[in-house]
Amino acid sequence: MRGDCGASKMTLRRGRQRRPCSGSSRATKRNRGMKKITLFVLFFITTATLASAWVGGRSSYTPEVRYISPKDESIVDLTDKKGLTFRWQPTPIPGGNRFAYKFELFKEFSYERIVREMLPSKVFSFEVPAHLFKPGTTYTWQVKQRDEWTRLWSRNHRWSFKVKK
C-alpha cells in the first residue's frame, strides 16, 4: 500500500506521521474541484453583498427618522384630551429627496396595527384620536421615510409608551 496516499490504521495508532502524498490523481482532482467551488462561492457572496449595498452607484441606505414625542418608554396621560400627537424630525437623505413618510401605531410589541398612514414629505407630526387608546395598555409607534430616488424605506425602529386616562 505504499503507492496509496492514505495511511493504514496501524500507523496512525502508533503515532507515526503520514507521509506526504506523492500526487494521486483522485486527490488532486478533488482539491482542484474544491478550489473552484470555494472561489465561486466567494465571488457570489461578494457580488451579492456589493449589489445590495449599492443601487445605481449610490448607497441604498435610507437613514432612520428621529423621533421627538411621545418619548420612548414614557407614560402618556390622555385624561380630557381629544388625541395624541406624534412628532418627529426630518433626517437628511444623502444625495436624494424624501418621497413620503409612513406612520404606524401598534398595540403592545406585536404586529397588531392600529393606525397606518402615508404622509407627505413635508409633514412632521400626526394626531391619533384618544378613543383608539385603552388605559393601561402599552403601544409602540414608528415612522419610516422613503427615498425619492431609490424608493427604499428606512429601517424599523419603534418607540413604546403606556396610556393613562
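A short reminder: the numbers here are calculations on the coordinates, not readings from a lab. Everything numeric in this text was worked out from a predicted model, so none of it was measured. Glycine also receives a Cβ, built like all others from the backbone with ideal geometry; neighbour counts cover every protein chain displayed.
Ordering 81, 122 by the number of other Cβ atoms within 10 Å of each residue's own Cβ, fewest first, gives 122, 81. Computed from the C-beta positions of residue 131 and residue 110 and an R0 of 22 Å, the FRET efficiency is 0.60 to the nearest 0.05. Taking 0.36 nm per residue of separation and subtracting the current Cα-Cα distance, fully stretching the chain between residue 117 and residue 138 would add 5.6 nm. R0 = 41 Å: FRET efficiency of residue 78 with residue 151, Cβ-based, nearest 0.05? For R0 = 41 Å, the calculated efficiency reads 0.70. Ordered by the count of other Cβ atoms within 10 Å of each Cβ, fewest first, 154, 121 give 121, 154.
Here the spin labels are modelled as points 7 Å beyond Cα on the Cα-Cβ line, and at residue 124 and residue 71 they lie 2.0 nm apart.
Shown for 38, 91: other C-beta atoms within 10 Å of each C-beta, ranked fewest to most, produce the order 38, 91. Given 81/134; 102/122; 82/144; 81/162; 107/165; 107/144, which pairs have Cα atoms separated by over 23 Å? Beyond 23 Å: 82/144. Under the convention that each Lys and Arg Cβ holds +1 and each Asp and Glu Cβ holds -1, the size of the dipole of the stretch 62-164 around its Cα centre is about 100 debye.
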